[in-house]
Amino acid sequence: RKGNVIITGASSGLGLAAAKAISETGKWHVIMACRNFLKAEKAAKSAGISKENYTVMHLDLASLESVRQFADAFRQSGRPLDVLVCNAAVYFPTAKEPTYTAEGFELSVGTNHLGHFLLSRLLLDDLKQSDYPQKHLIIVGSITGNTNTLAGNVPPKANLGDLRGLSSGLTGRDSSPMIDGGQFDGAKAYKDSKVCNMLTMQEFHRRFHEETGISFASLYPGCIAETGLFREHIPLFRLLFPPFQKYITKGYVSEEEAGKRLAQVISDPSLSKSGVYWSWNKNSSSFENRLSKEASDSEKARKLWEISEKLVGLA
Ligand code: NDP
């Protein structure tokens, strides 16, 4: 049989490019888990993904109710689940005020981390039951959450502190909307959420890899400077960022190439190791990258896991 892969946020950018690259192998059926059904259908068509290779299903990660409904609907479809890719993300670098998810969590951490945390926990049993030779749970990370790299050191830096804001629910009313309890900063909230993604992947690996054989991995596919992620940024930034990445940092990667990299983690057996944060060299060869001190702090990962369980109603 064909493998089944769920990709969140497959209506644009990396998710769409990966859906295309994966479906072109002929070995996978892609479930595009998207908040905007029509946009996703149109995107799949214009990317040329053939009809028999994909299904669009509704998922809004900014609502835990929607996440639960998605998991139920997927189960009812009767498809086995072989790979889950947590890819969707929002980024509000110029926002002055925080916005919130349906349950009242600051929107970037609520979507990028908490929505995906609940989704992966709910679908873990489905992945366990898969009889596919390679089972993966992939959470897309980012260099911006790595303070051991140049790009990760551009202020404001990611810092989860002692997680006091997260413990109080990121509500911004009687507590801070930021994980570390500080003032709202949209760019930092995104970076923090990416550190959460990388910590979560490693905690999954520690808790479930041996028992389940599932490979848990994260990746940084390179700087895909033209995706919708930067849609909230000022126009001058959007104009200058792609050439800056192409010619100055040389970290630029096209959507197509980034999509192929994500597809490679899913289908290339040499990238099936669990607990790894994959990156690519300039010549497009993959390597196991190192994470920053905070993004590899196992005590913090455990604490993040436990607090997140409470917030999403699993504990
Ligand atoms: P895009 O903005 O192009 O794609 C993000 C996707 O997430 C869109 O499909 C969007 O849906 C979806 N999404 C947003 N909010 C929700 C929600 N509440 N529920 C469901 N889906 C949602 O950005 P990218 O392709 O760049 O980002 C994809 C991943 O790559 C992210 O995890 C990002 O952190 C990561 N990344 C990106 C880099 C880059 O340079 N661009 C570098 C490193 C990592 P819609 O189409 O409806 O808006």
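Restricting attention to segment 78-93, and to residues there that are within 15 Å of the ligand (Cβ to nearest atom) and either touching a Lys or Arg at 6+ places or on another chain (Cβ under 6 Å) or not aromatic (Phe, Trp, Tyr) (or both), which single residue is farthest from LEU262 (Cα to Cα)?
Among those that are within 15 Å of the ligand (Cβ to nearest atom) and either touching a Lys or Arg at 6+ places or on another chain (Cβ under 6 Å) or not aromatic (Phe, Trp, Tyr) (or both), it is PRO93.
Return the residues of segment 65-86 that are in contact with a Phe, Trp or Tyr (Cβ under 9 Å, 6 or more places away or on another chain) and either in a loop (DSSP other than H, G, I, E, B) or farther than 26 Å from GLU24 by Cα (or both); say none if nothing qualifies.
PRO80, LEU81, ASP82
Do we have any residue at all in segment 87-102 that's in contact with a Phe, Trp or Tyr (Cβ under 9 Å, 6 or more places away or on another chain), crowded, with 24+ Cβ neighbours inside 10 Å and part of a strand (DSSP E or B)?
no
For segment 24-33, state whether one or more residues are closer than 27 Å to LEU160 by Cα, more than 10 Å from the ligand (Cβ to nearest atom), surrounded by 19 or more Cβ atoms within 10 Å (Cβ to Cβ) and under 16 Å from the mean Cα position of the chain (by Cα).
no
Which of the following residues is in contact with a helix residue (DSSP H, G or I) (Cβ under 6 Å, 6 or more places away or on another chain) and within 30 Å of PRO177 (Cβ to Cβ): ALA62, ALA43, ALA88?
ALA62
Determine, yes or no, whether PHE244 is under 21 Å from LEU123 (Cβ atoms) and away from the ligand (no atom under 11 Å from the Cβ).
So PHE244 does not fit the description; no.
From the list PHE237, PHE208, pick out the single residue that is among the hydrophobic types (A, V, I, L, M, F, W, C) and farther than 20 Å from TRP305 by Cα.
Of the residues listed, the single one that is among the hydrophobic types (A, V, I, L, M, F, W, C) and farther than 20 Å from TRP305 by Cα is PHE237.
Taking THR99 and the conditions (1) hydroxyl-bearing (Ser, Thr, Tyr); (2) under 20 Å from LEU314 (Cβ atoms); (3) touching a helix residue (DSSP H, G or I) at 6+ places or on another chain (Cβ under 6 Å); (4) free of Cβ contacts under 8 Å to residues at least 24 places away in the same chain, which numbered condition does it fall short on, given that it satisfies the others?
(2)
Of everything in segment 1-59, what is assigned to a loop (DSSP other than H, G, I, E, B) and among the charged types (D, E, K, R)? Give them in sequence order.
ARG1, LYS2, GLU24, LYS27, ARG35
Which residue out of LEU118, LEU160, LEU137, LEU124 is in contact (Cβ under 8 Å) with a residue 40 or more places away in the chain, surrounded by fewer than 20 Cβ atoms within 10 Å (Cβ to Cβ) and within 21 Å of the chain's Cα centre (by Cα)?
LEU124
Need the failing condition index for HIS29 against (1) closer than 21 Å to ARG261 by Cβ; (2) free of Cβ contacts under 8 Å to residues at least 40 places away in the same chain, just the number.
With (1) closer than 21 Å to ARG261 by Cβ; (2) free of Cβ contacts under 8 Å to residues at least 40 places away in the same chain applied to HIS29, the lone miss is (2).
Hey, can you tell me all the residues within segment 208-236 that are touching a residue at least 12 places away in the same chain (Cβ under 8 Å), assigned to a helix (DSSP H, G or I) and more than 12 Å from the ligand (Cβ to nearest atom)?
Of everything in segment 208-236, those that are touching a residue at least 12 places away in the same chain (Cβ under 8 Å), assigned to a helix (DSSP H, G or I) and more than 12 Å from the ligand (Cβ to nearest atom) turn out to be PHE208, HIS209, THR212.
Please go through segment 239-263 and give me each residue that is at pLDDT below 85 and in contact with a Lys or Arg (Cβ under 8 Å, 6 or more places away or on another chain), ordered by number.
Across segment 239-263, the qualifying residues are LYS250, TYR252.
LEU166 fails exactly one of the following numbered conditions: (1) in a helix (DSSP H, G or I); (2) among the aliphatic types (A, V, I, L, M); (3) within 16 Å of the ligand (Cβ to nearest atom); (4) closer than 22 Å to LYS310 by Cα. What is the number of that condition?
Going through the list (1) in a helix (DSSP H, G or I); (2) among the aliphatic types (A, V, I, L, M); (3) within 16 Å of the ligand (Cβ to nearest atom); (4) closer than 22 Å to LYS310 by Cα, LEU166 breaks only (3).
THR149 - would you say it is at pLDDT below 95, β-branched (Val, Ile, Thr) and not in a loop (DSSP other than H, G, I, E, B)?
no
Tell me, yes or no, whether segment 282-293 has at least one residue that is assigned to a helix (DSSP H, G or I), under 17 Å from CYS196 (Cα atoms) and not acidic (Asp, Glu).
No, every residue in segment 282-293 fails to be assigned to a helix (DSSP H, G or I), under 17 Å from CYS196 (Cα atoms) and not acidic (Asp, Glu).
The values are calculated or read from the model by the stated rules, or taken from the named source; none is laboratory data. Small disclaimer: the values here were computed from a predicted structure and weren't measured. As a convention, Cβ positions derive from the backbone with ideal geometry for all residues, glycine included, and neighbour counts pool all protein chains shown.
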